[in-house]
Amino acid sequence: MTFKSHMAQALAEARKAATRGEVPVGAVIVSPDGAVVAAAGNRTRELSDPTAHAEVLAIRAACAELGSERLPGHDLYVTLEPCPMCASAISQARIARVYYGASDPKSGGVAQGPRVFSHPQSHHVPEVYDGIAADEAEAMLKAFFAAKRP
């Protein structure tokens, strides 16, 4: 099977999140056969739920769709480096590969901060690929926050 990036769809989910007034982060879960199982954007404000990050919502939807609490063999595309909470959820879900766009020096949990997947108590360590469409993801985040801080 030929590799196909799904970051464009994750970026589309991030743009939708921004139009809802949410921090523009989008995520997509892809099955081992390359089919999109779930896609989501941040909804923390809309749902009044601090755990409603794009990654967590996509994992929840994919698990519900498949009737399983784990997603072995699945890939996650997300526009921003997952935070520690999302990295832990990714590990718990046994996601095989994580592809992310922009790094997050302030709140990241993969290459920054606590580096959840490097921790000895991490249940599962996915393959991680960073910098996928990072410029576009970063520009979207910077524009969103610039508009919030005149």
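The values are calculated or read from the model by the stated rules, or taken from the named source; none is laboratory data. Being a predicted model, the structure only gives us computed values, none of them experimental. Reconstructed Cβ throughout: ideal geometry from the backbone, glycine too, with neighbour counts over all protein chains shown. Just so you know, the surface numbers come from the protein's heavy atoms only, side chains and all, with ligands and any DNA or RNA stripped out. Shrake-Rupley method; radii C 1.70, N 1.55, O 1.52, S 1.80 Å.
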Across region 118-136, the tally of residues that are under 16 Å from LEU80 (Cβ atoms) and assigned to a helix (DSSP H, G or I) stands at 3
Per the filter on region 90-109, residues crowded, with 23+ Cβ neighbours inside 10 Å, in a strand (DSSP E or B) and of a type outside the set (Ser, Thr, Tyr) are VAL98, GLY101, ALA102
- Message: Being under 16 Å from GLY26 (Cα atoms) and either touching a residue at least 60 places away in the same chain (Cβ under 8 Å) or not hydroxyl-bearing (Ser, Thr, Tyr) (or both): is that true of ALA133 here?
- Response: yes
Reported set for region 43-75 where residues are without any contact (Cβ under 8 Å) to a residue 12 or more places away in the chain and aliphatic (A, V, I, L, M) is LEU47, ALA52, ALA64
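Could you count how many residues in region 42-59 are in a helix (DSSP H, G or I) and more than 21 Å from LEU11 (Cβ to Cβ)? Spell out how you get there, then give the answer.
Kept after step one, since they are in a helix (DSSP H, G or I), are these residues of region 42-59: 44-47, 54-59.
Still in the running and more than 21 Å from LEU11 (Cβ to Cβ): 47.
Looking only at that region, the number is 1.
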Q: Report whether or not SER122 is open to solvent by 10 Å² or more (accessible area, probe 1.4 Å) and modelled with pLDDT of 95 or more.
A: no
Exactly one of ALA139, ALA143, ALA87 is outside any loop (DSSP other than H, G, I, E, B), closer than 18 Å to GLN9 by Cβ and not hydroxyl-bearing (Ser, Thr, Tyr), and that residue is ALA139
Taking first residues from region 104-117 that are on the phi > 0 side of the Ramachandran plot and second residues anywhere that are in a loop (DSSP other than H, G, I, E, B) and open to solvent by 60 Å² or more (accessible area, probe 1.4 Å), the pairs with Cβ under 9 Å that are 6 or more apart or on different chains are GLY113/PRO105; GLY113/LYS106
Those residues of region 8-42 that are in contact with a helix residue (DSSP H, G or I) (Cβ under 8 Å, 6 or more places away or on another chain), farther than 16 Å from CYS86 by Cβ and either touching a residue at least 60 places away in the same chain (Cβ under 8 Å) or hydrophobic (A, V, I, L, M, F, W, C) (or both) come to a total of 5
Of the conditions (1) surrounded by 14 or more Cβ atoms within 10 Å (Cβ to Cβ); (2) on the phi < 0 side of the Ramachandran plot; (3) out of contact with any Gly (no Cβ under 6 Å at 6 or more places or on another chain), the single one that THR79 does not satisfy is (3)
When THR19 is run through (1) of a type in the set (Val, Ile, Thr); (2) in contact with a strand residue (DSSP E or B) (Cβ under 8 Å, 6 or more places away or on another chain); (3) closer than 17 Å to GLU136 by Cβ, the failure sits at (2)
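Conditions (1) open to solvent by 60 Å² or more (accessible area, probe 1.4 Å); (2) over 18 Å from ALA17 (Cβ atoms); (3) out of contact with any Leu (no Cβ under 6 Å at 6 or more places or on another chain), marked per residue:
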position: ALA35; (1), (2), (3): no, yes, yes
position: SER68; (1), (2), (3): no, yes, yes
position: PRO114; (1), (2), (3): yes, yes, yes
position: PHE144; (1), (2), (3): no, no, yes
